[in-house]
Amino acid sequence: MSNNRTWLAFANRKRCRHADAILSLGFISWRMGRARFSIGDVVYLFMSDERCIRFKMVVTAENCKREDQEFWVETPPNDITYKLELLEEYEGTMLSEQELSKHGFNGGRSFEVPCCNNKELMSYIKTIF
């Protein structure tokens, strides 16, 4: 049995064009630090501008140099990152902020740090993807 975790992370459009990077490169760089991802973990990305979860990613590497600088709105940090590769893109409406809130999603500042402890919410997300 794998010990990999499933995470929900917040992609802030004011800082980086994550969707453009994912669709262009097939991955994004995610800062190591507050998030304690492990290789093999699944990360769902909640898009700040679209107010929904759009991408299912997998952590494929850690201690990487940032490779998505060209997609940053602000000056990209020169930090050590995880590499999150695209698994799936979701284009429906079942993962909107409104729908997610029915399953324990609190939004706002509640997930400035990626979270993995909301079992009801994660179960719901997995049924949609």
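Every number here is computed from the coordinates shown, using simple stated rules; none is lab data. Owing to the predicted nature of the structure, the values given are computational and were not obtained by experimental measurement. We place every Cβ from the backbone using ideal geometry, glycine too, and count neighbours over all the protein chains shown.
Counting only DSSP beta bridges whose two residues both lie in region 1-95, roughly 75 percent are antiparallel. For residue 94, no residue whose modelled amide H falls within less than 5 Å of its own remains once neighbours fewer than 5 places apart on the same chain are excluded.
Each residue of region 29-41 was assigned a 3J(HN,Hα) from its phi angle through the Karplus expression (A = 6.51, B = -1.76, C = 1.60, θ = phi - 60°), giving 9, 10, 4, 7, x, 5, 7, 10, 6, 10, 4, x, 5 Hz with x at Gly and Pro.
Here, the chain yields an orientationally averaged convex hull projection of 7.4 nm² when only Cα atoms define the hull. Rounded to the nearest 20 debye, the dipole magnitude of region 33-99 is 320 debye, with +1 charges on Lys and Arg beta carbons, -1 on Asp and Glu beta carbons, and the Cα centre as origin.
Helical runs (DSSP H, four residues minimum) scored at -39500 (n - 2.57) apiece and divided by the length of the chain put the mean residue ellipticity at 222 nm at -4500 deg cm²/dmol.
Taking amide hydrogens as placed 1.01 Å from N in the peptide plane, the amide H of residue 54 sits under 5 Å from those of 45, 47, each at least 5 positions away in sequence or on another chain. Note on the chain: Lys pairs 8 or more places apart or on different chains, Cα atoms under 14 Å apart, count 4. Using C-alpha pairs under 8 Å with a sequence gap of at least 6, the mean separation divided by the residue count of the chain gives a relative contact order of 30 percent. Legend: ranking of residues 103, 18 from fewest to most surrounding C-beta atoms inside 10 Å; resulting order 103, 18.
Comparing mean-square fluctuations of 105, 55, 37 from a GNM of the chain with C-alpha springs under 10 Å, the top value falls on 105. Between residue 65 and residue 13, the simple spin-label model (points 7 angstrom out along Cα→Cβ) gives 3.1 nm. Basic side chains Lys and Arg get +1 at the Cβ, acidic Asp and Glu get -1 at the Cβ, and with that the dipole of the chain about its Cα centre reaches some 420 debye.
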